[in-house]
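Structure, as structure tokens:
The values are calculated or read from the model by the stated rules, or taken from the named source; none is laboratory data. Computed from a predicted model, the values in this text were never measured in an experiment. Cβ sites come from the backbone with ideal geometry, for glycine too, and all protein chains shown count toward neighbours. Just the protein is used for accessible areas: all its heavy atoms, side chains included, with ligands, DNA and RNA removed. Shrake-Rupley method; radii C 1.70, N 1.55, O 1.52, S 1.80 Å.
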Amino acid sequence: MLGLMLNSKETQEIEYMLKRELEELLLDLTDTRIDGIVKRAMEERYKIIFGLYKRFASPKECYKYIRSKRQRSENV
């Protein structure tokens with residue numbers, strides 16, 4: 001377990017970076033040209049980044065980046 005102290009500006013910047021990464025991952029996971037093995041790796045990355053994002057954002061904000069079960073089963 002690691003601790004990290006951030007001021008509000010740093011928190012906003014990290015939240016912004018995590019949002020952008022989640023948006024990019026969600027877009028790439030819907031791309032049919034990407035191989036299944038790569039998508040599984042992207043899915044793992046999504047889980048890690050979404051877990052980090054949940055620590056910074058409100059539950060209302062997190063709903064935008066939650067994948068439905070249908071999306072998960074189609075992409076893996």
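Values as computed for the structure displayed
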read-out: Scan of segment 1-42 for residues that are farther than 14 Å from ILE66 by Cα and among the acidic types (Asp, Glu), ordered by number; value: GLU10, GLU13, GLU15, ASP28, ASP31, ASP35
read-out: Selection within segment 1-54 - basic (Lys, Arg), over 15 Å from the mean Cα position of the chain (by Cα) and part of a helix (DSSP H, G or I); value: LYS9
read-out: Residue, modelled with the lowest pLDDT, within segment 48-67, restricted to residues that are of a type in the set (Gly, Ala, Ser) and under 11 Å from LEU18 (Cβ atoms); value: ALA57
read-out: Matching residues in segment 45-67 - criterion: being in contact with a helix residue (DSSP H, G or I) (Cβ under 7 Å, 6 or more places away or on another chain) and small (Gly, Ala, Ser); value: ALA57
read-out: Residue that is farthest from ALA57 (Cα to Cα), among those in segment 1-45 that are open to solvent by less than 70 Å² (accessible area, probe 1.4 Å) and small (Gly, Ala, Ser); value: GLY36
read-out: Neighbours by Cβ (under 9 Å, 6+ apart or cross-chain): first from segment 37-62, free of Cβ contacts under 8 Å to residues at least 24 places away in the same chain; second open to solvent by 100 Å² or more (accessible area, probe 1.4 Å); value: CYS62/LYS54
